[in-house]
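Single-structure report; data block below.
The values are calculated or read from the model by the stated rules, or taken from the named source; none is laboratory data. Just so we're clear, the structure is a prediction, and the values are computed from it rather than from any experiment. No Cβ is skipped: glycine too gets one built from the backbone with ideal geometry, and neighbour counts run over all protein chains shown.
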């Protein structure tokens, strides 16, 4: 409960009370000025955030790719000696930079002589990494870690792989029953194949397709199509690699005789012709030697017999 004594009212007491309140107001105003001044002089905190791709990146077999990563550089805050850039694939060290130079002592052997930072652009906030000679083994999650005087952060993104399919290799085998076409191509990932006849009808269901993996992890696709004896036959082969938006379309024209000779018959005929040629060459060599010997020399007859012992 509030207790006190009531002072009598007088102009002097009113003046004292007014001065006290005015003094308190001045004190609060001074504190407000100090707070405003401190707020204006305190630097605004910078939000440090690096930038990496948000979508999976595609690496193409045999080519180089750029793993993009950037970081903010504030005015007057650049210091090469304090910059640390580290690229990793999982726990595997891909590339490191600190103390103003590349540090490759802990770099994985798989990435030796294949990585390069854009050193002339580091002061602009470019921490991207060039990776040469991409192969299937380079797929996976890559992380970019950057540390500067302004802050540090690490982000990760996915790298996928693809390879353009090679020009199809065509092998034709002729037999008594018809002709067999074998087309082979190599790439990644698995491709779609189509065969069409001269009327444009899809005859893919009459083909046999095999897929094998080579030592580099690429797919070797072999598609076999067999056709009976015909004249002026034409086929269209279509291969698609949707990941790289690749489409190869090849037209094959065949001109076959109504009566096809078996391969064994061809082999016997070739052997016969070869035997005749060899016999002719030997005969010519023999005649040439006889011609160089000249006419035979006749010995004179002796009238007296040899003495007898």
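Of the residues that make up the stretch 137-155, is at least one at pLDDT 95 or above and more than 25 Å from residue 90 (Cβ to Cβ)?
no
Given (1) in contact (Cβ under 8 Å) with a residue 40 or more places away in the chain; (2) at negative phi, where does residue 90 come up short, assuming only one miss?
Condition not satisfied by residue 90: (2).
Filter the stretch 228-281 down to the residues that are more than 21 Å from residue 209 (Cα to Cα) and at pLDDT 90 or above, then identify the one that is surrounded by the fewest Cβ atoms within 10 Å (Cβ to Cβ).
245
In the stretch 172-202, which residue that is more than 33 Å from the chain's Cα centre (by Cα) and in a loop (DSSP other than H, G, I, E, B) is nearest to residue 227 (Cα to Cα)?
Among those that are more than 33 Å from the chain's Cα centre (by Cα) and in a loop (DSSP other than H, G, I, E, B), it is 177.
Look at the stretch 127-142 and say how many of its residues are buried (at least 17 other Cβ atoms within 10 Å of the Cβ) and part of a strand (DSSP E or B).
Summing the residues that are buried (at least 17 other Cβ atoms within 10 Å of the Cβ) and part of a strand (DSSP E or B) in the stretch 127-142 gives 3.
Just to be sure, is residue 149 in contact (Cβ under 8 Å) with a residue 12 or more places away in the chain, over 30 Å from residue 240 (Cα atoms) and surrounded by fewer than 18 Cβ atoms within 10 Å (Cβ to Cβ)?
yes
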